[in-house]
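J.: Once you've had a glance at the structure underneath, I'll fire off some questions.
The values are calculated or read from the model by the stated rules, or taken from the named source; none is laboratory data. Keep in mind that what you see is a predicted model, and the values were worked out from it rather than measured. Cβ coordinates were reconstructed from backbone atoms using ideal geometry, including for glycine residues, and neighbour counts include every protein chain displayed. For accessibility, only protein heavy atoms count, side chains too; no ligands or nucleic acids. Shrake-Rupley method; radii C 1.70, N 1.55, O 1.52, S 1.80 Å.
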Amino acid sequence: MLRIVPVTDDATLLDWQRVHNEIIPTAPLSAGDIRERSTRNVLEVAYDDDVLVGCSTVRPPSAETTAAVVIARVLPAYRRRGFGTAIYEHCLRLGRELADGIETHILSSNADGLRFAKAHGFVEVETYLLPGDTIPFVELRL
């Protein structure tokens, strides 16, 4: 059974970090980075019983966008089992409480993530490269 819990302690923070850094190896985050992000975003981890399967981020609207940003990540070994859909739907509910518009950002090399987003109605609006990166991110909107 899937459990989605907030990042509230070192154990959940390290689990969130593990998933994020595996799926986005071009932009690894330190524990300090994650603690700072948790002050402005909703960060959660997902477990199948006690097994870590994914994590998520919901960012409220900001000066950069009036949309809420919803990001669902699932470790490759646990994809195509419904975990991504469950995490995404959970995040979408949170995102819709914060804003009318929803967007997501996916590393362009994450073919599974791009396929998932497009299958759920997202359309690509921009591709951008972060300073120092060689693999761009894709911004998509619902």
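J.: Does the range 1-104 come out rounded, prolate or oblate by the C-alpha gyration tensor, with a ≥ b ≥ c the root eigenvalues, rounded set by a/c under 1.5 and, if not, prolate when a/b is larger than b/c and oblate if not?
T.: On the way: a/c = 1.67, a/b = 1.22, b/c = 1.37.
Cα axes put the range 1-104 in the oblate bin.
J.: Rounded to the nearest whole Å², what accessible area per residue is found for the chain with the 1.4 Å probe?
T.: 53 Å²
J.: Can you find, among Thr66, Ile23, Ala77, the residue sitting farthest towards the positive end of the charge dipole of the chain, where Lys and Arg contribute +1 and Asp and Glu -1 at Cβ?
T.: Toward the positive end, the furthest listed residue is Ala77.
J.: Hey, any idea what % of the chain's accessible area is carbon plus sulfur with a 1.4 Å probe?
T.: Carbon plus sulfur share of accessible area: 53 percent.
J.: Please list, in order along the range 45-59, the HN-Hα scalar couplings obtained from phi with the Karplus expression 6.51 cos²θ - 1.76 cosθ + 1.60 (θ = phi - 60°), rounded to whole Hz, x for Gly and Pro.
T.: In residue order, the calculated couplings are 10, 10, 10, 8, 6, 10, 9, 5, 10, x, 8, 8, 9, 10, 9 Hz.
J.: Please get the size of the charge dipole for the chain, origin at its Cα centre, with Cβ charges of +1 on Lys and Arg and -1 on Asp and Glu, quoted in debye to the nearest 20.
T.: With Lys and Arg at +1 and Asp and Glu at -1, about 320 debye.
J.: Using the basic label-point model (7 angstrom from Cα toward the beta carbon), what is the Glu36 to Leu129 distance in nanometres?
T.: Between Glu36 and Leu129, the label points sit 2.4 nm apart.
J.: For the range 66-142, with only Lys/Arg (+1) and Asp/Glu (-1) charged at the beta-carbon, what is the dipole magnitude about the Cα centre, in debye rounded to 20? Before the final figure, lay out each step's value.
T.: Working: 9 positive and 9 negative charges, 91 e Å.
The dipole magnitude comes to about 440 debye.
J.: Given the DSSP H assignment, sum -39500 (n - 2.57) over each helix run of at least 4 residues in the chain and divide by its residue total; what's the result at 222 nm in deg cm²/dmol, nearest 500?
T.: On the way: 4 runs with 46 residues, N = 142.
It lands at -10000 deg cm²/dmol.
J.: Please turn the phi angles of the range 28-33 into ³J(HN,Hα) values with the Karplus equation 6.51 cos²θ - 1.76 cosθ + 1.60 (θ = phi - 60°), one per residue in order, whole Hz, x for glycine and proline.
T.: 3J(HN,Hα) across the range 28-33, in whole Hz: x, 10, 7, 4, x, 4.
J.: Mind checking the full-extension length gain between Val51 and Arg80? Use 0.36 nm per residue of separation minus the Cα-Cα distance, one decimal, nm.
T.: Full extension from Val51 to Arg80 adds 8.8 nm.
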